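Asker: So that we are looking at the same thing, I have put the structure below in structure tokens.
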Amino acid sequence: MMLVMFIADTDGERLTAFDAFIRADVEPAVGRRWMAVLMAEGLASSQGACTGTNIISLTPAGITAIENCMRDAAEWMTPLQSR
């Protein structure tokens, strides 16, 4: 779901929780639980209670986490590409 939110953010798209759940292929009940975890960890935010129709997004910490993950993956894959 974090990657879905990251892509939406880079596209300038306002994303509802239900849209994120659909794009991430998770059931709404599971998505709401994960959103609660992401919000508790300071990685995502929600405009109001995360009921589904609310707008969600990554926080600056969430964006940094995704960017770091992508950077680490790129560094790990670089030696593989030179084979």
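The values are calculated or read from the model by the stated rules, or taken from the named source; none is laboratory data. Because the structure is a prediction, the values reported are computed rather than measured. All Cβ positions, even for glycine, are placed from backbone atoms using ideal geometry, and neighbour counts span all protein chains on display.
Asker: Conditions: (1) at pLDDT below 95; (2) under 13 Å from VAL4 (Cβ atoms); (3) not acidic (Asp, Glu). ARG33 meets all but one. Number of the miss?
Answerer: (2)
Asker: Cβ-Cβ below 8 Å, separation at least six or inter-chain, first residue in segment 15-37 and under 12 Å from GLY52 (Cα atoms) and in contact (Cβ under 8 Å) with a residue 24 or more places away in the chain, second acidic (Asp, Glu) and loosely packed, with under 15 Cβ neighbours inside 10 Å: which pairs?
Answerer: These pairs meet every condition: PHE21/GLU27.
Asker: Can you tell me which residues in segment 38-47 are surrounded by 18 or more Cβ atoms within 10 Å (Cβ to Cβ) and either of a type in the set (D, E, K, R) or in contact (Cβ under 8 Å) with a residue 40 or more places away in the chain (or both)?
Answerer: Scanning segment 38-47 gives LEU43, ALA44.
Asker: Please count how many residues of segment 1-25 are over 21 Å from CYS69 (Cα atoms), in contact with a helix residue (DSSP H, G or I) (Cβ under 8 Å, 6 or more places away or on another chain) and of a type in the set (A, V, I, L, M).
Answerer: Looking only at that region, the number is 2.
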